[in-house]
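See below for the structure under consideration.
The values are calculated or read from the model by the stated rules, or taken from the named source; none is laboratory data. Given the structure is predicted, the values throughout are model-derived calculations rather than measurements. Cβ sites come from the backbone with ideal geometry, for glycine too, and all protein chains shown count toward neighbours. Accessible surface areas use protein heavy atoms only, side chains included; no ligands, DNA or RNA. Shrake-Rupley method; radii C 1.70, N 1.55, O 1.52, S 1.80 Å.
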Amino acid sequence: MIVVAHLSDLHLGAHVDKAVAGIAAEVAAFGPDLTVVSGDHTMRARPPEFDQAAALIDDLPRPLLVVAGNHDLPLVSPLRLLDPYGRYRTWLGHHDQVVRLPGLTALGLHSMPRWRWKAGRAGPDQTDEIRRVLGGAPAHDVRLLALHHPPEARSFAGSRRLLRALTATRTDLVLAGHTHVPEVHRWAGGPLVVTAGTATSHRVRRVPRSWSLLRITAAAVEVHERFEDPHGTWFTGRVVRHELAVRDNLS
(Lines give C-alpha, C1' and ligand atoms only; values in the text may rest on other atoms or scores of the structure.)
Protein backbone atom coordinates (compact mmCIF):
# COMPACT_ATOMS: atom_id res chain seq x y z
CA MET A 1 0.00 0.00 0.00
CA ILE A 2 1.08 3.57 -0.74
CA VAL A 3 -0.23 6.36 1.50
CA VAL A 4 -0.41 9.92 0.15
CA ALA A 5 -1.35 12.97 2.22
CA HIS A 6 -2.91 15.74 0.14
CA LEU A 7 -3.17 19.26 1.57
CA SER A 8 -4.05 22.45 -0.22
CA ASP A 9 -4.86 26.14 0.18
CA LEU A 10 -3.01 26.75 3.45
CA HIS A 11 -3.41 30.52 2.90
CA LEU A 12 -0.88 31.61 5.50
CA GLY A 13 -1.89 35.18 6.29
CA ALA A 14 -5.56 34.16 6.39
CA HIS A 15 -4.98 31.19 8.65
CA VAL A 16 -6.22 29.85 11.97
CA ASP A 17 -3.32 29.56 14.41
CA LYS A 18 -4.58 26.38 16.07
CA ALA A 19 -4.98 24.63 12.73
CA VAL A 20 -1.46 25.62 11.67
CA ALA A 21 -0.02 24.43 14.98
CA GLY A 22 -1.61 20.98 14.73
CA ILE A 23 -1.71 20.04 11.07
CA ALA A 24 1.81 18.60 10.77
CA ALA A 25 1.26 16.17 13.65
CA GLU A 26 -2.19 15.26 12.29
CA VAL A 27 -0.69 14.33 8.92
CA ALA A 28 2.36 12.59 10.37
CA ALA A 29 0.14 10.30 12.44
CA PHE A 30 -0.80 8.44 9.24
CA GLY A 31 2.80 7.86 8.15
CA PRO A 32 2.39 9.03 4.53
CA ASP A 33 4.83 7.84 1.91
CA LEU A 34 4.34 11.15 0.08
CA THR A 35 2.91 14.53 1.10
CA VAL A 36 1.44 16.73 -1.64
CA VAL A 37 0.66 20.43 -1.05
CA SER A 38 -1.22 21.76 -4.06
CA GLY A 39 -0.82 25.53 -3.96
CA ASP A 40 -2.08 28.75 -2.37
CA HIS A 41 0.41 28.43 0.45
CA THR A 42 0.05 32.16 1.17
CA MET A 43 -2.80 34.66 1.08
CA ARG A 44 -1.06 37.54 -0.71
CA ALA A 45 2.48 36.29 -1.39
CA ARG A 46 4.00 38.60 1.21
CA PRO A 47 7.43 37.69 2.64
CA PRO A 48 6.13 37.09 6.22
CA GLU A 49 3.46 34.77 4.80
CA PHE A 50 6.07 32.84 2.84
CA ASP A 51 8.17 32.58 6.01
CA GLN A 52 5.21 30.97 7.78
CA ALA A 53 4.34 28.75 4.83
CA ALA A 54 7.90 27.50 4.40
CA ALA A 55 8.14 26.69 8.13
CA LEU A 56 4.87 24.76 8.07
CA ILE A 57 5.70 22.84 4.91
CA ASP A 58 9.13 21.94 6.29
CA ASP A 59 7.37 20.34 9.28
CA LEU A 60 5.28 18.03 7.06
CA PRO A 61 6.34 14.44 6.43
CA ARG A 62 8.72 13.90 3.53
CA PRO A 63 9.10 13.33 0.65
CA LEU A 64 7.19 16.43 -0.41
CA LEU A 65 5.64 17.47 -3.72
CA VAL A 66 4.80 21.18 -3.63
CA VAL A 67 3.27 23.30 -6.41
CA ALA A 68 2.33 26.98 -6.59
CA GLY A 69 -1.17 28.47 -6.53
CA ASN A 70 -2.53 31.74 -7.83
CA HIS A 71 -2.38 33.34 -4.35
CA ASP A 72 1.36 32.67 -4.27
CA LEU A 73 1.89 35.54 -6.74
CA PRO A 74 1.89 39.18 -5.55
CA LEU A 75 -1.46 40.87 -6.06
CA VAL A 76 -0.89 44.64 -5.79
CA SER A 77 2.77 45.02 -6.65
CA PRO A 78 4.96 45.72 -9.69
CA LEU A 79 6.35 42.24 -9.07
CA ARG A 80 3.12 40.78 -10.44
CA LEU A 81 4.31 41.91 -13.87
CA LEU A 82 8.08 42.03 -13.46
CA ASP A 83 8.80 38.90 -11.42
CA PRO A 84 5.54 37.13 -10.53
CA TYR A 85 7.12 33.84 -9.43
CA GLY A 86 10.24 35.24 -7.76
CA ARG A 87 9.06 35.12 -4.17
CA TYR A 88 7.63 31.63 -4.57
CA ARG A 89 10.91 30.38 -6.03
CA THR A 90 12.89 32.01 -3.20
CA TRP A 91 10.91 30.38 -0.40
CA LEU A 92 9.49 27.20 -1.92
CA GLY A 93 11.11 26.66 -5.31
CA HIS A 94 13.69 24.23 -3.95
CA HIS A 95 11.20 21.38 -3.66
CA ASP A 96 11.47 18.61 -6.25
CA GLN A 97 8.80 18.49 -8.93
CA VAL A 98 9.25 14.78 -9.56
CA VAL A 99 9.05 12.18 -6.80
CA ARG A 100 9.65 8.51 -7.53
CA LEU A 101 8.79 5.85 -4.97
CA PRO A 102 8.50 2.08 -5.35
CA GLY A 103 5.23 1.71 -7.22
CA LEU A 104 4.54 5.45 -7.68
CA THR A 105 5.73 8.24 -9.99
CA ALA A 106 4.48 11.73 -9.09
CA LEU A 107 4.86 14.99 -11.02
CA GLY A 108 4.11 18.55 -9.95
CA LEU A 109 2.73 20.79 -12.70
CA HIS A 110 2.91 24.58 -12.84
CA SER A 111 -0.62 25.48 -13.96
CA MET A 112 -0.21 29.27 -14.00
CA PRO A 113 1.63 30.46 -17.09
CA ARG A 114 1.44 34.23 -17.51
CA TRP A 115 -2.02 35.81 -17.72
CA ARG A 116 -3.85 32.66 -16.58
CA TRP A 117 -3.10 32.94 -12.87
CA LYS A 118 -6.62 32.60 -11.52
CA ALA A 119 -8.14 30.18 -14.02
CA GLY A 120 -5.15 27.95 -14.81
CA ARG A 121 -3.69 26.64 -18.03
CA ALA A 122 -1.79 23.65 -19.37
CA GLY A 123 0.30 24.52 -22.41
CA PRO A 124 2.51 22.38 -24.64
CA ASP A 125 5.45 22.64 -22.22
CA GLN A 126 3.33 21.21 -19.41
CA THR A 127 1.91 18.36 -21.45
CA ASP A 128 5.37 17.55 -22.85
CA GLU A 129 6.58 17.22 -19.26
CA ILE A 130 3.70 14.87 -18.47
CA ARG A 131 4.54 12.70 -21.45
CA ARG A 132 8.21 12.63 -20.52
CA VAL A 133 7.90 11.95 -16.77
CA LEU A 134 4.65 10.04 -16.37
CA GLY A 135 4.84 8.43 -19.79
CA GLY A 136 8.32 7.20 -18.90
CA ALA A 137 7.31 5.73 -15.53
CA PRO A 138 7.80 2.00 -14.89
CA ALA A 139 4.97 -0.02 -16.41
CA HIS A 140 3.32 -0.97 -13.11
CA ASP A 141 3.69 2.40 -11.35
CA VAL A 142 0.70 4.42 -10.24
CA ARG A 143 1.06 7.77 -12.01
CA LEU A 144 0.11 10.91 -10.08
CA LEU A 145 -0.09 14.53 -11.24
CA ALA A 146 -0.37 17.45 -8.80
CA LEU A 147 -1.40 20.97 -9.80
CA HIS A 148 -3.33 23.81 -8.20
CA HIS A 149 -6.31 24.27 -10.51
CA PRO A 150 -8.89 21.51 -11.05
CA PRO A 151 -8.16 20.82 -14.72
CA GLU A 152 -11.67 19.86 -15.74
CA ALA A 153 -13.05 23.31 -14.83
CA ARG A 154 -14.63 25.20 -17.71
CA SER A 155 -12.26 28.15 -17.19
CA PHE A 156 -9.10 26.01 -17.33
CA ALA A 157 -7.32 26.67 -20.63
CA GLY A 158 -5.90 23.62 -22.38
CA SER A 159 -8.00 21.07 -20.52
CA ARG A 160 -8.51 18.92 -23.62
CA ARG A 161 -4.80 18.97 -24.34
CA LEU A 162 -4.12 17.97 -20.76
CA LEU A 163 -6.67 15.16 -20.78
CA ARG A 164 -5.14 13.73 -23.96
CA ALA A 165 -1.70 13.70 -22.33
CA LEU A 166 -3.02 12.10 -19.14
CA THR A 167 -4.90 9.46 -21.10
CA ALA A 168 -1.91 8.69 -23.31
CA THR A 169 0.37 8.27 -20.28
CA ARG A 170 -2.23 6.23 -18.34
CA THR A 171 -2.14 8.71 -15.47
CA ASP A 172 -4.23 7.44 -12.57
CA LEU A 173 -4.58 10.38 -10.20
CA VAL A 174 -4.76 14.17 -10.45
CA LEU A 175 -4.52 16.08 -7.16
CA ALA A 176 -5.70 19.70 -7.13
CA GLY A 177 -6.97 22.44 -4.83
CA HIS A 178 -8.22 26.00 -5.44
CA THR A 179 -11.92 25.44 -4.66
CA HIS A 180 -11.58 24.89 -0.88
CA VAL A 181 -14.06 22.02 -1.19
CA PRO A 182 -12.99 18.34 -1.14
CA GLU A 183 -14.16 16.39 -4.17
CA VAL A 184 -13.46 13.00 -5.78
CA HIS A 185 -14.58 12.13 -9.29
CA ARG A 186 -13.51 10.48 -12.52
CA TRP A 187 -12.63 12.92 -15.32
CA ALA A 188 -14.19 11.93 -18.65
CA GLY A 189 -13.53 8.25 -18.03
CA GLY A 190 -9.83 8.99 -17.47
CA PRO A 191 -7.89 9.89 -14.32
CA LEU A 192 -9.41 10.24 -10.87
CA VAL A 193 -9.40 13.89 -9.77
CA VAL A 194 -9.03 14.46 -6.03
CA THR A 195 -9.55 18.05 -4.91
CA ALA A 196 -8.53 18.90 -1.35
CA GLY A 197 -10.18 21.55 0.81
CA THR A 198 -8.39 24.25 2.77
CA ALA A 199 -6.35 22.75 5.59
CA THR A 200 -5.49 25.76 7.76
CA SER A 201 -7.44 28.80 6.49
CA HIS A 202 -10.60 30.44 7.76
CA ARG A 203 -11.67 30.79 4.10
CA VAL A 204 -13.85 27.68 4.16
CA ARG A 205 -16.71 27.07 1.72
CA ARG A 206 -19.63 24.89 2.82
CA VAL A 207 -17.39 22.44 4.71
CA PRO A 208 -14.93 22.71 7.63
CA ARG A 209 -11.18 22.80 7.19
CA SER A 210 -10.03 19.56 5.64
CA TRP A 211 -7.33 17.55 3.94
CA SER A 212 -7.39 14.22 2.08
CA LEU A 213 -5.62 10.93 2.79
CA LEU A 214 -5.20 8.52 -0.13
CA ARG A 215 -4.58 4.81 0.43
CA ILE A 216 -3.47 3.23 -2.84
CA THR A 217 -3.29 -0.50 -3.53
CA ALA A 218 -2.98 -2.51 -6.72
CA ALA A 219 -6.77 -2.65 -7.00
CA ALA A 220 -8.06 0.75 -5.91
CA VAL A 221 -7.54 4.10 -4.27
CA GLU A 222 -9.47 5.05 -1.15
CA VAL A 223 -9.79 8.75 -0.39
CA HIS A 224 -10.39 9.50 3.27
CA GLU A 225 -11.51 13.10 3.79
CA ARG A 226 -10.28 14.41 7.13
CA PHE A 227 -12.27 17.28 8.69
CA GLU A 228 -11.66 19.54 11.68
CA ASP A 229 -14.50 19.84 14.19
CA PRO A 230 -15.31 23.06 16.12
CA HIS A 231 -13.00 21.96 18.94
CA GLY A 232 -10.00 21.55 16.66
CA THR A 233 -10.13 17.74 16.60
CA TRP A 234 -9.72 15.97 13.26
CA PHE A 235 -12.00 13.14 12.16
CA THR A 236 -12.62 11.06 9.05
CA GLY A 237 -15.73 12.06 7.13
CA ARG A 238 -16.49 10.68 3.69
CA VAL A 239 -14.49 7.72 2.34
CA VAL A 240 -14.57 7.28 -1.44
CA ARG A 241 -13.20 4.21 -3.23
CA HIS A 242 -12.38 3.99 -6.94
CA GLU A 243 -10.91 1.10 -8.88
CA LEU A 244 -7.51 1.47 -10.56
CA ALA A 245 -6.04 -0.23 -13.60
CA VAL A 246 -4.70 -3.67 -12.72
CA ARG A 247 -1.16 -3.71 -11.32
CA ASP A 248 0.82 -6.43 -9.58
CA ASN A 249 3.46 -4.56 -7.59
CA LEU A 250 1.30 -3.11 -4.78
CA SER A 251 -0.37 -4.94 -1.94
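Binning every alpha carbon pair distance of the chain at 10 Å from zero, what are the percents per bin?
8, 34, 38, 18, 2, 0
Using θ = phi - 60° and the Karplus relation 6.51 cos²θ - 1.76 cosθ + 1.60, list the HN-Hα couplings for segment 216-221 in order, rounded to whole Hz, with x at every Gly or Pro.
Using θ = phi - 60°, the values come out as 10, 10, 4, 8, 7, 10 Hz.
Looking at the calculated P(r) for segment 128-218, what percent of the C-alpha pair distances fall above 22 Å?
Everything past 22 Å amounts to 31 percent.
Rank Ala45, Gly189, Ala29 by how far each Cα sits towards the positive end of the charge dipole of the chain (+1 on Lys, Arg Cβ; -1 on Asp, Glu Cβ) and give me just the farthest.
Farthest towards the positive end: Gly189.
Taking amide hydrogens as modeled 1.01 Å from N in the peptide plane, which residues meet the under 5 Å criterion relative to Arg238, leaving out close sequence neighbours?
Glu225
Would you pull out the residues with amide H under 5 Å of Leu104's amide H, same chain only if 5 or more places away, H placed 1.01 Å from N?
Here Val142 satisfy the definition.
Give me a comma-separated list of calculated 3J(HN,Hα) values for segment 5-18, in order, Karplus coefficients 6.51, -1.76, 1.60 applied at θ = phi - 60°, integers in Hz, x for any Gly or Pro.
Whole-Hz 3J(HN,Hα) from phi for segment 5-18: 9, 10, 10, 7, 6, 5, 6, 4, x, 10, 9, 9, 4, 5.
Would you please classify the overall shape of segment 1-114 from the alpha carbon gyration tensor, given that a ≥ b ≥ c denote the square roots of the eigenvalues, rounded means a/c under 1.5, and beyond that prolate means a/b larger than b/c while oblate covers the rest? Walk me through the intermediate numbers first.
Numbers: a/c = 2.61, a/b = 1.41, b/c = 1.86.
The shape class here is oblate.
Among Leu175, Thr236, Ala219, which residue has its Cα furthest toward the positive end of the charge dipole of segment 161-244, with +1 on Lys/Arg Cβ and -1 on Asp/Glu Cβ?
Leu175
Where does the chain land at 222 nm, in deg cm²/dmol rounded to the nearest 500, when only DSSP H runs of n ≥ 4 count, each adding -39500 (n - 2.57), divided by all residues?
-6500 deg cm²/dmol
Could you state the accessible area per residue of the chain in Å², with a 1.4 Å probe and every protein chain left in place?
About 42 Å² of surface per residue is accessible.
Give the carbon-plus-sulfur fraction of the accessible surface of the chain in %, rounded to a whole number; probe 1.4 Å, heavy atoms of protein chains only.
53
I'd like the FRET efficiency for Arg44 and Lys18, computed as 1/(1 + (r/R0)^6) with the beta carbon distance as r and R0 of 25 Å, rounded to 0.05.
0.70
How large is ³J(HN,Hα) for each residue in segment 181-191, as worked out from phi by the Karplus curve 6.51 cos²θ - 1.76 cosθ + 1.60 (θ = phi - 60°), to whole Hz, x for Gly and Pro?
Each residue's phi maps through the Karplus curve to give 10, x, 9, 9, 7, 7, 9, 6, x, x, x Hz.
If the only charges are +1 at each Lys and Arg Cβ and -1 at each Asp and Glu Cβ, what is the size of the charge dipole of the chain around the Cα centre, to the nearest 20 debye?
It comes to approximately 900 debye.
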